[in-house]
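K.L.:
Got a structure here, written out as structure tokens. Questions coming.
What follows draws every value from the coordinates through simple rules; no lab data is involved. Please read these numbers as outputs of a predicted model, since none were measured by experiment. Backbone-built Cβ (ideal geometry, glycine too); neighbour counts: all protein chains shown.
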Ligand code: 8YV
């Protein structure tokens with residue numbers, strides 16, 4: 001008998017095509033709640049899910065046959081890893097394939113904030129552009145400015161690499177310091193968290209969401225940043241406190257913010273929506289045709305390998 005696989009939501013077709021060759025696939029095409037997942041997962045040996053699916057201890061407990069949860073994301077904060085480990089269920093993610101696309105979005109936000117693109121767009125669409133003015137929409141320069149990176153993993157490094165094009169010295173902070181060779185390659189200097197806050201002209205958040213990084217950026221941190229600083233988060237919204245960020249932007253404690261992620265996603269603080277000095281995107285960091293297709297293939301390959309009793313390509317557990 002073929003093993004049973006659940007794809008929890010719409011994904012690039014490659015995932016279904018690959019999995020349906022080997023397994024009996026149930027392709028669900030709408031977002032499921034935690035209660036709906038609990039009610040649904042009993043017959044499945046494998047689940048291919050997205051970040052929006054809460055794979056909690058309750059969901060895992062409702063799936064006695066489960067061997068693998070393949071997440072369609074590099075982050076896996078939607079999955080109860082502890083419960084999965086206890087049951088020896090594989091959890092896999094999709095690293096590497098989305099690094100460049102996500103770094104591009106961090107940079108798109110950075111440029112958009114520096115040059116006030118949302119305000120310019122709005123002016124045009126409202127018919128308010130009556131010819132350029134010498135003092136109209138003055139933004140900030142990038143060349144030679146300091147690029148600060150919080151979380152110097154794959155995506156953080158790809159953000160840093162792009163900074164070379166603008167001759168930007170890079171400072172970074174994370175738990176551990178990189179080797180001298182890596183630092184030289186990225187023109188990057190390890191600094192304390194306080195120095196990162198104080199010295200960054202552009203500060204990009206690229207860390208995973210963990211108990212340690214949760215709410216790392218609050219009023220206290222924004223108060224230490226330069227009034228001209230741009231804050232960019234294309235990682236996870238809960239790494240910053242959204243209400244505190246709104247206050248910092250309103251009070252011009254920092255110049256602007258570029259966000260692809262939100263603390264209570266998909267809810268967004270209404271304060272942010274009315275502020276001119278921020279660029280807001282709907283979590284599209286990895287959303288290119290090529291990247292999402294590669295993510296779907298990798299997630300499906302991980303699931304296939306695990307259900308055949310082999311080691312997945314990119315396991316998070318054990
Ligand atoms: C999501 C992401 O996977 O990979 C991650 O951790 O945040 C994104 O790439 C994507 O939005 C699909 O849910």
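K.L.:
Do you know the relative contact order of the chain, to the nearest whole percent, from alpha carbon pairs under 8 angstrom that are 6+ apart?
P.N.:
Relative CO of the chain lands at 20 percent.
K.L.:
Using the C-alpha atoms of the range 215-304, what convex hull volume per residue, in cubic angstrom, is computed?
P.N.:
With only Cα atoms used, the range 215-304 gives 109 Å³ per residue.
K.L.:
Something else: Cβ neighbours within 10 Å, averaged per peptide: list 302-308, 271-277 in order, most packed at the top.
P.N.:
Sorting 302-308, 271-277 by mean packing, highest first, produces 302-308, 271-277.
K.L.:
Of all beta bridges DSSP finds with both residues in the chain, what is the antiparallel percent, to the nearest 5?
P.N.:
Of those bridges, close to 5 percent are antiparallel.
K.L.:
Another one. Would you work out the Kirkwood radius for the chain? I mean one over the mean of 1/r across all pairs of different Cα atoms, in Å. Could you put the intermediate results ahead of the total?
P.N.:
On the way: mean 1/r = 0.0478 Å⁻¹.
In the chain this quantity evaluates to 20.9 Å.
K.L.:
Which three numbers, in whole Å and largest first, are the semi-axes of the equivalent ellipsoid of the range 99-280 derived from its Cα gyration tensor as √(5λ)?
P.N.:
Here the semi-axes work out to 26, 19, 14 Å.
K.L.:
Give me the percent of DSSP beta bridges within the range 99-280 that run antiparallel, rounded to the nearest 5.
P.N.:
0 percent
K.L.:
While we're on this one: Please report, to two decimal places, log10 I(q)/I(0) for the range 26-116 at q = 0.20, 0.25 Å⁻¹ as given by the Debye formula with identical point scatterers on the Cα atoms and no solvent.
P.N.:
-0.90, -1.26
K.L.:
Order 280-287, 192-199 from most to least packed using the mean count of other Cβ atoms within 10 Å.
P.N.:
Most protected by this proxy first, the peptides run 280-287, 192-199.
K.L.:
Given the peptides 175-188, 32-45, 158-171, 228-241, arrange them by the average over their residues of other C-beta atoms within 10 Å, most packed first.
P.N.:
The packing order, highest mean first, is 228-241, 158-171, 32-45, 175-188.
K.L.:
List the pair-distance distribution P(r) of the range 186-250, using every Cα-Cα distance, as the percent of pairs falling in each 10 Å bin from 0 up to the bin containing the longest distance, rounded to whole percents.
P.N.:
All Cα pairs, binned at 10 Å, distribute as 20, 58, 21, 1 percent.
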